[in-house]
Amino acid sequence: MNALPRLSRVAVCGGTHGNELSGVYLVRELLKVKKKKKKEEEDEDGGAMSVLLVLSNPRAMQQCLRYIDTDLNRCFTHACLIGPTLDKTPYEMRRARELNAMLGPKGSAGAMDLICDLHNTTANMGLSLITYSDHDWICMHIFRHLQAQHLLLKNVFFYIYIIENISMEVGPQPHGVVRSNIYTTMKSGVQYMLDWVHFFNSGVIFDGGFMDVFTVVKHIDYPRDGETHNITAAIHPQLQDRDFCLLRPGDPLFQTFSGETLRYTGSEPLYPFFINESAYYEKGILFLGSQTNACVCSHTYLGAQLSVHCRSTKAQSYIC
Ligand SMILES: [Zn+2]
């Protein structure tokens, strides 16, 4: 059972990748709505939660590019955040430091209580929530709440050092394009997440239970020409768009440009996702392979006796 502190400060960020347009337009829309109000969104019990809306990478958004110099989403490592700022420091690295000061600093008492970063993917992933620990009870309960709304939802764990608590990935949507159904799905996801925070802050008790999650176990790359390093095949039609569907050893994986079928030769079955994500071509990733496991989500409620800021560093600190 977990008694957790109030979530007073929530940030919703769009445009971390400047060509992922649902998050860009959603944050702009939410900013418009907020401007119409005289003060920040308030909880029914007297202004218990503020929502900070952030457009993370304005220069990349202006040019409708994923990034200007380097991937902003890879700039929140400790080394990047504390390094000296020089004239040649990449734009996104400087921007990461600004965001860290605005939303954190990471691990500090003044840090946001919850940060949700909005992304689009060209993969057929529906609405997927990505988090970085299976002991982050707040994120786990938000996942369960969204699942209860019957949104097409998958939960995924990564273990990387990043500023936000939750990434919301919605697709398929080509980068540089906004599709109304994808935008609406993201808007619903954000609204349900904020609803959950309101419920939690109002004292609602959330029962524990099991939930299914996908944990990343490997990256799979395309077959490549030994000399040119160019890819020599595309994803097989039987695999394309089948994110989170079981891929067994021997199943078709690629169709070479000469028409041959190449099969999955791994020994373990996988649940692939981010299949044919266009931004991953440069990273040498065809898809991320995951396995499912049942995760125990603990009984959770608001415990006013706890320090508001204890939820800032490692997920284990939530376990009471
Ligand atoms: Zn993204």
*Relative to the longest principal axis of the C-alpha atoms of the chain, give the angle of the C-alpha long axis of helix 21-36, reported between 0 and 90° and rounded to the nearest 10°.*
20
*Which order do peptides 254-262, 125-133 fall in by mean Cβ count within 10 Å, highest first?*
125-133, 254-262
*Extension gain Q238-T265, at 0.36 nm per residue separation less the Cα-Cα distance, in nm?*
8.1 nm
*Gain in span if fully extended, H299 to D195, counting 0.36 nm per residue against the direct Cα distance*: 35.6 nm
*Taking R0 as 35 Å, what's the FRET efficiency between Y281 and V33 from their Cβ-Cβ distance, rounded to 0.05?*
0.45
*Which number do you get for Rg(Cα) / (2.2 N^0.38 Å) in segment 218-293?*
1.04
_What do you get for the angle between helix 91-103 and the principal long axis of the chain? Use alpha-carbon atoms, 0 to 90 degrees, nearest ten._
30
*Of all DSSP beta bridges located in the chain, what percent are antiparallel, nearest 5?*
55
*Using a basic spin-label model with each label point 7 Å from the Cα along Cα→Cβ, how many nm lie between S50 and D69?*
3.0
*asked:* So if the hydrodynamic radius of the chain is defined as the Kirkwood radius over C-alpha pairs, what does Stokes-Einstein give as its diffusion coefficient at 25 °C and 0.890 mPa s, in µm² per second?
replied: 118
*asked:* Under 10 Å, Cα contacts only: if you run a Gaussian network model on the chain, which one of N73, N124, N181 comes out with the highest mean-square fluctuation?
replied: N181
*asked:* Net charge within 11 Å of G284 by Cβ-Cβ distance, Lys/Arg positive one each and Asp/Glu negative one each, not counting G284 itself?
replied: 0
*Using θ = phi - 60° and the Karplus curve 6.51 cos²θ - 1.76 cosθ + 1.60, what whole-Hz ³J(HN,Hα) does each residue of segment 51-56 get, with Gly and Pro shown as x?*
10, 9, 9, 10, 9, 6
*Quickly estimate the mean residue ellipticity at 222 nm for the chain, helices only: each DSSP H run with n ≥ 4 gives -39500 (n - 2.57), and the total goes over all residues, rounded to 500.*
-7000 deg cm²/dmol
*Between the helical axis of 137-148 and the dominant principal axis of the chain, each derived from Cα atoms, what acute angle in degrees is found, rounded to the nearest 10?*
70
*How would you order 276-287, 76-87, 136-147 from highest to lowest mean count of nearby Cβ atoms within 10 Å?*
136-147, 276-287, 76-87
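Values in this text are rule-based calculations from the coordinates and carry no lab data. These numbers were taken from a predicted model, which means no experiment stands behind them. So basically every Cβ, Gly included, is an ideal-geometry build from the backbone, and we count neighbours across all protein chains shown.
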